[in-house]
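Since the structure comes first, as structure tokens, the remarks are kept for the end.
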Amino acid sequence: MSAEVIRGVFDMHVHSSPDNAPRKTDDIDLAKTAAEVGMGGFMMKAHQGSTVERAYLTRKAVGGIKVFGGLVLNYTVGGLNPNAVDYYVRLGAKEIWMPSLSSDYMVTYMKKNVSMDDRKKFHLAHGSSDDENRIGSKHGESWPWVRNDRGISIFNEDGKVCREAWEILEIMAPTNAILGTSHLSIRETFALVEAARDVGVERILVTHPEYMAQMNTDDQILLSRQGVFFERCFVMTTVVTKNIGGYKPMDLIVENIRKVGIESTVLGTDFGQAINPHPVDGMREYLSKLTAAGFSDKEIERMGVKNPSNLLDV
């Protein structure tokens, strides 16, 4: 990889503090460090809600770097809340994510596949309360991410896309905000994409298709033909994802990119965890591994610079 490859690269998925979860770095340090190495910018994601205001202030404080924020529709902002979406897209949200830690798919997966002790550790690492007397905590569940021991689905009782999800898509349609699938199930993702296309949402990004709800390449190809992009996150190659469907080899990312195409790929580290390297170091390692896997500088530029710039409309 040439020394210039990192120049202009966007990290489309990164976590920083302030956050109830322990983070490697804060917004200002992340922006300064990214600017120093010549990155183009990054998208801040916070499970507890909005990073829109934080992105605005970070842009004001640090020059030479594009910083974007969005809104995650977990229970902390009322779940599938059209009122919140309307407010934040008008405030400048560049991405609206479906539920992540409050996703019914993720809540159900954790209950079926992860031990109680590991669930508690995971929840604490993501900013849950450690007060055993709090609602939910006494059941070993992730307060404030669940409600009545349940997560959020985009489906209603009839198995159709619910009214609130439709309203959110209708609010987003005339904007340039990206629709992020976050931690939905594969079935929900397909239904969401169909509904989004029906109402005219133009920018759709599948969040880490190799991780959480792992999507096969046939499904990815079907979605890519509808103009959907895929955010391929480096975090799934790290041990912190072991208990929640991750800890997959880099070879899986490489294989998926080759089969589905660089044209629909954007890059994200999904770093920020206190025990992982700094997100900028993570992106540098990610790019090095892509180069070692045989991707040319031009291909990496397409995935790391041109595709994100088009999605972000910058």
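The values are calculated or read from the model by the stated rules, or taken from the named source; none is laboratory data. Remember, it's a predicted structure, so these values are computed and weren't measured experimentally. As a convention, Cβ positions derive from the backbone with ideal geometry for all residues, glycine included, and neighbour counts pool all protein chains shown.
For the reader, a short list of remarks on this structure follows.
- Residue in segment 278-293 that is over 20 Å from the mean Cα position of the chain (by Cα) and of a type in the set (Val, Ile, Thr) present: yes
- Restricting segment 175-206 to residues that are of a type in the set (Asp, Glu) and part of a helix (DSSP H, G or I), the residue that is nearest to the chain's Cα centre (by Cα): 188
- The sole residue among 314, 280 that is surrounded by 15 or more Cβ atoms within 10 Å (Cβ to Cβ) and touching a residue at least 24 places away in the same chain (Cβ under 8 Å) is 280.
- With respect to the conditions (1) hydrophobic (A, V, I, L, M, F, W, C); (2) surrounded by 20 or more Cβ atoms within 10 Å (Cβ to Cβ); (3) out of contact with any helix residue (DSSP H, G or I) (no Cβ under 8 Å at 6 or more places or on another chain); (4) modelled with pLDDT under 95, residue 239 falls short on a single one, namely (2).
- Only a single item in (1) of a type outside the set (D, E, K, R); (2) within 16 Å of residue 241 (Cβ to Cβ); (3) modelled with pLDDT of 80 or more is not met by residue 122, and it is number (3).
- So residue 231, is it at pLDDT 95 or above and touching a strand residue (DSSP E or B) at 6+ places or on another chain (Cβ under 6 Å): yes
- Set side by side, the residues 158, 198, 251 differ, and just one is surrounded by fewer than 19 Cβ atoms within 10 Å (Cβ to Cβ), at pLDDT 95 or above and either closer than 29 Å to residue 272 by Cα or in contact with a strand residue (DSSP E or B) (Cβ under 9 Å, 6 or more places away or on another chain) (or both), which is 251.
- The residue that is nearest to residue 202 (Cα to Cα), among those in segment 142-163 that are in contact (Cβ under 8 Å) with a residue 60 or more places away in the chain and over 21 Å from the mean Cα position of the chain (by Cα), is 162.
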